[in-house]
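Below you'll find the structure, written out as C-alpha cells, and then a few comments.
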Protein chains: 2
Amino acid sequence: MKLLDLYAKMKGDLNQIELELERSVSDDHVLLSEASLHLLKAGGKRIRPVFVLLAGKFGDYRLDVMKRIAVPLELIHMASLVHDDVIDDADTRRGQLTVKSKWDNRIAMYTGDYIHGKALSIAAQLPNPQIHQILSNALVQMCIGEMEQIRDFFNTKQSVRQYLLRIRRKTALLIAISCQLGAVAANTDRTTANRLYRFGYNVGMAFQIRDDLLDLYGTEKQIGKPPGSDMRQGNITLPVLLALQDPQIRPSLLNEIELIRENGGQKDAGRAIEMIRKSDGGDMADELANRYIKKALHALEGLPNVTAKKNLFDIAHFVGKRNY
Amino acid sequence: MKLLDLYAKMKGDLNQIELELERSVSDDHVLLSEASLHLLKAGGKRIRPVFVLLAGKFGDYRLDVMKRIAVPLELIHMASLVHDDVIDDADTRRGQLTVKSKWDNRIAMYTGDYIHGKALSIAAQLPNPQIHQILSNALVQMCIGEMEQIRDFFNTKQSVRQYLLRIRRKTALLIAISCQLGAVAANTDRTTANRLYRFGYNVGMAFQIRDDLLDLYGTEKQIGKPPGSDMRQGNITLPVLLALQDPQIRPSLLNEIELIRENGGQKDAGRAIEMIRKSDGGDMADELANRYIKKALHALEGLPNVTAKKNLFDIAHFVGKRNY
C-alpha cells in the first residue's frame, strides 16, 4: 500500500485527531491560541499520531483513548518546533512565517511552554502513571538533545557516536514512544509495546538521517529552502562527518566549514555541499539509514499479524526509500 | 512563632528537599546541570516546599512522598524564573547573574524546558493521576498569566480585575496547588485539600500584591534593586492602577508612564513613584492584600488543630505584615 492510501484509509480517525489538536489550543488566551493555531494550520505529516494509532491497533483500540496519546505527542513535537525556531532564528517553516517571526521571541517562548502544558494536561486525563513517566522522561531527553545540538554547532571534532546519540534524543525517542504509548494505552502486553518502541526508535533514526541527507542532496524544490541550511546553521550532520573521514576531502571541507562559521552562517554552503557530494559520505549515511530500517523491520517480525503491521512495514519502507 | 524559627524547626526536612532539588538536575547534560544548579544555588525562600510540607502534616505525612511534590513545585517555579529573565532581559536575580546573562537566551530557554521536564518526571513517580492533572493544568494557567503580563505591558487602561486575574495565574495558583497537592499526596480528605487550596490561593494573592507594593514603596536596600523596576518594565501593578483612579493624579501619572514607555524603560521611574506615593493607591492595595489574608485565615478555621495549622496561620500573618 502506498503512503497516501494509508493516510486515506486512516482519514476518519486522523480527522478526529486534527479536530482535537485544534480544540486543545483554542479555548484559552487569544494570542496563545492564535499562535498555536497558526502553527497547527501550517500542517505537517502528523507522523506521530499515525504511529500512535497504528500501534494502538495491536491492542484494545479506542479512539477516545488514542486521542489522549496522539494529540499530546503531536503537541510536544510542535512545542519543540516553536522553541527551535527561536534558537535557529528561523523566519519560515513549511513556507509559513514562524511564530517568532510573525509575533516575536517572547511570544514564541511562551507559546512553546503553553503547548507543552496543554500536551501534558491532555495526557494527564489517562490514569496510567507509566504513560506520564514515559512522556516526562522523553521531554527531558529531548531538551538534552537540543542542548547537545547547540553545544555541537560547528564542532567538526564530534564523533559519529555523538551525532547518533543526539538524533536519538532529538528525533528518534519521540517516534519510539509514539509507538510504545499507543500500545501501552491500548493495553497490549509488554513485549508488544517494547517491540513497537524498538520499531519506532529505528525508524526514527533512519528518518532523521534521511532528513539530514535530503538537506545536502535534495533540490531546493524538494526541501522547500536552499540546500545546506543545516550546515549554515552549524549543524554538522552524518554525511558531513563521514565526508570528513576522507583524507582527500578533509582539509578543504574543514576550511569551508570554518569560513561558513566565520561568516555567521551567511556564506553560501554550495562549495561545501559540492565537496560532500564528491565523497562517500552520502552513500555511507544512506547505508546506515538502511541498517536502521532493517532493524525496524526485524522488530516488527514477532508481532501479531494485524493489518497495522503491514502498514508499519510500508511506512518503514517509505522512510527507507532514497528520494533525492 | 517567628518565620525564622519555623524554618529552623523544618530544617531537617527542608534540607532533604534541598538535596533532592540538587540531585534532580545533576545527572544529565553538563551545561544544563550547571545552569540549573547556578539557579538553585542563588537560593530563595523555598516557600512552595514549605507549604507542601505543612499541608502534608494534615494527612499521612511521608517525606519520601512529600519530596515528589515539593521538588517539582519548586522546579516549576524556577523554570518560570529562567524564562521570565529571558523575557524581561534581566541580568541579575537575587544578586546573581541570571542564566540568560551568564550563558545566553538559547541556553536559558532550554534550561527552563529541561527543569520543567525534570519537575514532571519526578511528580510522575507518584501514581495518583489527580496530581498530574492539577500540575499540568497549573502549567497552562501560568503560561497564560505570563502572556497576559506581556500583553498588558504599559496598558494603563487595564482594569483591577484584569490585574487580579493575572496575578492569580502568575503567582497565586502555584502557591494554592502547593498546599492542595501536599494534602492530596498525604491522602487527606477532599475538604481539607480544598480548604488548603483556598488558603494558598489567598495567601498567594496577598503575597503578590505585597511584592508589587514593595517595588514602589520599598528602599533599594530592601528590594535589592532600585524601586520602580516593575514600572520601567511596563508591568502596571495594583497601586498604579488605583493611583490612576485619582483624577488629581491621573493626567500627570499617565504622562509619566508614557514617557517611561517611550524611553524603552530607560527612564528613571522616580517621578512616577512620587506621584503614586502621594495617592491613596498604596493604602488601598494594602487593604486589598489584608482582605486576602483574612480570607486565607478563614479558610484555615475549619481545619483540624495540628501544629501545621498554627504555622500556616503565622505565615499568613507574616505575609500580611507591612514592612515598607
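If you go through segment B:33-67, how many residues are within 14 Å of chain A (Cβ to nearest Cβ) and closer than 17 Å to B:ILE107 by Cβ? First the steps, then the outcome.
Of the residues in segment B:33-67, the ones within 14 Å of chain A (Cβ to nearest Cβ) are B:33-36, B:65.
From the residues that got through so far, the ones that are closer than 17 Å to B:ILE107 by Cβ too are B:33-36.
Of the residues in that region, 4 qualify.
Of everything in segment B:33-49 that's assigned to a helix (DSSP H, G or I) and surrounded by fewer than 24 Cβ atoms within 10 Å (Cβ to Cβ), which residue is nearest to the chain's Cα centre (by Cα)? Please lay out each step first, then the result.
Step one: filter segment B:33-49 for residues assigned to a helix (DSSP H, G or I), giving B:33-41, B:47-49.
From the residues that got through so far, the ones that are surrounded by fewer than 24 Cβ atoms within 10 Å (Cβ to Cβ) too are B:33-34, B:37-38, B:40-41, B:47.
Details: B:SER33: 23, B:GLU34: 24, B:LEU37: 20, B:HIS38: 19, B:LEU40: 16, B:LYS41: 18, B:ILE47: 9 Å.
Restricting to residues being assigned to a helix (DSSP H, G or I) and surrounded by fewer than 24 Cβ atoms within 10 Å (Cβ to Cβ), the top hit is B:ILE47.
In the list B:THR156, B:THR191, B:THR171, B:THR219, which residue meets the criterion of being within 30 Å of B:GLY270 (Cα to Cα) and out of contact with any helix residue (DSSP H, G or I) (no Cβ under 9 Å at 6 or more places or on another chain)?
Working: B:THR156 fails: out of contact with any helix residue (DSSP H, G or I) (no Cβ under 9 Å at 6 or more places or on another chain); B:THR191 fails: within 30 Å of B:GLY270 (Cα to Cα); B:THR171 fails: out of contact with any helix residue (DSSP H, G or I) (no Cβ under 9 Å at 6 or more places or on another chain).
Step by step, each of B:THR156, B:THR191, B:THR171, B:THR219 is checked, and only B:THR219 is within 30 Å of B:GLY270 (Cα to Cα) and out of contact with any helix residue (DSSP H, G or I) (no Cβ under 9 Å at 6 or more places or on another chain).
Out of (1) in contact (Cβ under 8 Å) with a residue 24 or more places away in the chain; (2) part of a helix (DSSP H, G or I), the odd one out for A:LEU165 is which?
(1)
Give just the number: which of (1) more than 13 Å from chain B (Cβ to nearest Cβ); (2) more than 17 Å from A:ALA35 (Cα to Cα); (3) crowded, with 17+ Cβ neighbours inside 10 Å does A:VAL160 not satisfy?
Result: A:VAL160 fails condition (3) only.
With segment B:182-237 as the region, which helices (runs of 4 or more DSSP H) entirely inside it contain at least 1 residues that are within 30 Å of B:HIS132 (Cβ to Cβ)? Don't jump to the end; show me each part of the working.
Working: elements: B:190-217, B:220-223, B:229-233.
Of the helices (runs of 4 or more DSSP H) lying wholly inside segment B:182-237, those with at least 1 residues that are within 30 Å of B:HIS132 (Cβ to Cβ) span B:190-217.
If I filter segment A:84-105 down to residues being more than 8 Å from chain B (Cβ to nearest Cβ) and under 20 Å from B:TRP103 (Cβ atoms), which single residue comes out as surrounded by the most Cβ atoms within 10 Å (Cβ to Cβ)?
Within segment A:84-105, the subset more than 8 Å from chain B (Cβ to nearest Cβ) is A:84-85, A:88-104.
Next, from what is left, pick out any that are under 20 Å from B:TRP103 (Cβ atoms): A:84-85, A:88-89, A:100.
On the way: A:ASP84: 18, A:ASP85: 22, A:ASP88: 20, A:ASP89: 13, A:LYS100: 26.
The selected residue is A:LYS100.
Based on this model, can you work out whether A:ARG94 counts as under 16 Å from the mean Cα position of the chain (by Cα) and modelled with pLDDT under 80?
Values: under 16 Å from the mean Cα position of the chain (by Cα): yes; modelled with pLDDT under 80: yes.
Yes, satisfied.
Restricting to segment A:140-157, give me the number of residues that are facing chain B (nearest Cβ under 7 Å) and either touching a Pro at 6+ places or on another chain (Cβ under 8 Å) or more than 30 Å from A:ARG250 (Cα to Cα) (or both).
The total comes to 2.
Among the residues of segment A:165-188, is there at least one that is over 18 Å from the mean Cα position of the chain (by Cα), of a type in the set (Val, Ile, Thr) and modelled with pLDDT of 95 or more? Please lay out each step first, then the result.
Step one: list which residues in segment A:165-188 are over 18 Å from the mean Cα position of the chain (by Cα), which gives A:183-188.
Among the residues that remain, those that are also of a type in the set (Val, Ile, Thr) are: A:184, A:188.
Checking the rest, the ones that are also modelled with pLDDT of 95 or more come to A:184, A:188.
So far as segment A:165-188 goes, yes, one or more of its residues are over 18 Å from the mean Cα position of the chain (by Cα), of a type in the set (Val, Ile, Thr) and modelled with pLDDT of 95 or more.
When you scan segment A:1-32, how many residues do you find that are within 14 Å of another protein chain (Cβ to nearest Cβ), of a type outside the set (Val, Ile, Thr) and buried (at least 19 other Cβ atoms within 10 Å of the Cβ)?
The number of residues fulfilling the criteria is 3.
Condition first: assigned to a helix (DSSP H, G or I) and over 30 Å from B:LYS9 (Cβ atoms). Can you find one or more residues in segment B:296-310 that meet it?
So in segment B:296-310, the residues assigned to a helix (DSSP H, G or I) come out as B:296-301, B:307-310.
Next, from what is left, pick out any that are over 30 Å from B:LYS9 (Cβ atoms): none.
No, segment B:296-310 contains no residue that is assigned to a helix (DSSP H, G or I) and over 30 Å from B:LYS9 (Cβ atoms).
Of the residues A:ALA108, A:ALA70, which single one is more than 11 Å from chain B (Cβ to nearest Cβ) and either among the hydrophobic types (A, V, I, L, M, F, W, C) or without any contact (Cβ under 8 Å) to a residue 12 or more places away in the chain (or both)? Break it down into steps so the answer makes sense when it comes.
Working: A:ALA108 fails: more than 11 Å from chain B (Cβ to nearest Cβ).
Residue meeting the stated conditions: A:ALA70.
Can you tell me which condition A:MET66 does not meet? The list is (1) more than 26 Å from A:GLU301 (Cβ to Cβ); (2) modelled with pLDDT of 95 or more, and all the others hold.
(1)
Which members of segment B:119-139 meet the condition of being at the interface with chain A (Cβ under 7 Å from one of its Cβ atoms), under 18 Å from A:TYR110 (Cβ atoms) and surrounded by fewer than 23 Cβ atoms within 10 Å (Cβ to Cβ)?
B:ASN137
Got a number for residues in segment A:117-159 being in a loop (DSSP other than H, G, I, E, B) and among the polar types (S, T, N, Q)? Steps first, answer last, please.
Keep residues of segment A:117-159 that are in a loop (DSSP other than H, G, I, E, B), which gives A:124-128, A:152-159.
Okay, now just the ones that are also among the polar types (S, T, N, Q), so A:125, A:128, A:155-156, A:158-159.
Number of matching residues: 6.
Within segment B:1-32, how many residues turn out to be assigned to a helix (DSSP H, G or I), over 19 Å from the mean Cα position of the chain (by Cα) and of a type in the set (A, V, I, L, M, F, W, C)?
Initial filter on segment B:1-32 (assigned to a helix (DSSP H, G or I)): B:3-9, B:11-24, B:30-32.
Restricting the remaining residues to those that are over 19 Å from the mean Cα position of the chain (by Cα) gives B:4-6, B:8-9, B:11-13, B:15-16, B:19-20, B:22-24, B:30-32.
The next check asks that each one be of a type in the set (A, V, I, L, M, F, W, C); those that pass are B:4, B:6, B:8, B:19, B:30-32.
So the count comes out to 7.
Can you tell me which residue within segment B:163-201, out of those that are of a type in the set (Phe, Trp, Tyr) and within 23 Å of B:LYS67 (Cα to Cα), is farthest from the other protein chains (Cβ to nearest Cβ)? It would help to see each step written out before you state the result.
Of the residues in segment B:163-201, the ones of a type in the set (Phe, Trp, Tyr) are B:163, B:197, B:199, B:201.
Subset that is within 23 Å of B:LYS67 (Cα to Cα): B:197, B:199, B:201.
Values: B:TYR197: 18, B:PHE199: 24, B:TYR201: 19 Å.
Once the filter is applied, the top-ranked residue is B:PHE199.
Is it fair to say B:ASP84 is free of Cβ contacts under 8 Å to residues at least 12 places away in the same chain, under 21 Å from the mean Cα position of the chain (by Cα) and within 28 Å of B:LYS221 (Cα to Cα)? I'd like the intermediate steps shown before the answer.
Working: free of Cβ contacts under 8 Å to residues at least 12 places away in the same chain: no; under 21 Å from the mean Cα position of the chain (by Cα): yes; within 28 Å of B:LYS221 (Cα to Cα): yes.
Here the answer is no, as B:ASP84 does not meet what is asked.
The values are calculated or read from the model by the stated rules, or taken from the named source; none is laboratory data. For clarity, every value in this text was computed on a predicted model and none was experimentally measured. So basically every Cβ, Gly included, is an ideal-geometry build from the backbone, and we count neighbours across all protein chains shown.
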